[in-house]
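Following: one structure in structure tokens, then a few remarks.
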Amino acid sequence: MLHITPQIAIPDEEIEESFVRASGPGGQNVNKVATAVQLRFDVVHSPALPEAVRERLLRLARTRMTKEGVLVIEARRFRTQERNRRDAYERLAHWIRRATQRPKRRRPTRPPAAAKERRLAEKRKRGETKKTRGRIDPAGE
């Protein structure tokens, strides 16, 4: 059981893990032992996730999702299977925790009247500066 928050826990049956050969550090061991971990978690069909969390998770992790809504996490950072496995579970928990946080609603604001007036005054001043720049009059040579 993977505990995410006091209200959300993912049963082990919902998480599918497989081990594959990893690239990277490990010497000759890398060619013999499948140390990389691939976790698959079916977000769309999981009864453990509340609907709001499911929708946010689908939106947040869309680059790591399959078309069927399965979240795929690959962990190959470490040399041992156990550390990669722990890393993969921590990353899954991190994604779900991020999805539990409701985004803050943006309250539209408008600039203060004084700021608008300062901007317009600056535009007028800049226009006057440009207007007073002298031109060479070809007739008045």
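Read the figures in this text as sums done on the coordinates, not as results from a lab. Since the structure is predicted, the reported quantities are computational estimates derived from the model, not experimental observations. Ideal geometry is used to build each Cβ from the backbone, glycine not excepted, and the neighbour counts take in all protein chains shown.
Largest mean-square fluctuation among Lys67, Lys32, Lys116, in a Gaussian network model of the chain whose springs join Cα atoms under 10 Å apart, belongs to Lys116.
Under the rule a/c < 1.5 gives rounded, and otherwise a/b versus b/c splits prolate from oblate, where does the stretch 34-97 land using the Cα gyration tensor?
On the way: a/c = 2.49, a/b = 2.07, b/c = 1.20.
Prolate, since a/c reaches 1.5 and a/b exceeds b/c.
Which helices, counted as full DSSP H runs in the chain, have an axial Cα extent of no less than 18 Å and a Kyte-Doolittle average of 1.0 or above? Provide the component values of the computation, followed by the final result.
Details: long enough: 81-100 (29 Å, -1.85); 113-131 (27 Å, -2.01).
Sorted by number, there is nothing, because no helix extends far enough and scores high enough.
Thinking of the stretch 95-141 as a set of Cα atoms, what percent of all their pairs are more than 12 Å apart? Roughly 79 percent, rounded to a whole number. Working from label points 7 Å from Cα in the Cα-to-Cβ sense, the Lys104 to Ile136 distance is 5.7 nm. What percent do you get for the relative contact order of the stretch 2-100 when only Cα pairs under 8 Å and 6+ apart count? Contact order relative to length: 30 percent.
Only loop residues by DSSP count here, and only those with at most 15 other Cβ atoms within 10 Å; note down the GluC sites (Glu not before Pro) in the stretch 1-96 that meet that. Could you put the intermediate results ahead of the total?
Details: sites: Glu13, Glu14, Glu16, Glu17, Glu51, Glu55, Glu68, Glu74, Glu82, Glu90; in loops: Glu68.
Sparse-neighbourhood loop GluC sites (Glu not before Pro): Glu68.
Within the listed set Thr129, Thr109, Thr66, the Gaussian network model of the chain (springs between alpha-carbon atoms below 10 Å) gives the highest mean-square fluctuation for Thr129.
Averaged over residues, the count of other Cβ atoms within 10 Å places the peptides 118-125, 56-63, 37-44 in the sequence 37-44, 56-63, 118-125, highest first.
Comparing mean-square fluctuations of Ala48, Ala113, Ala88 from a GNM of the chain with C-alpha springs under 10 Å, the top value falls on Ala113.
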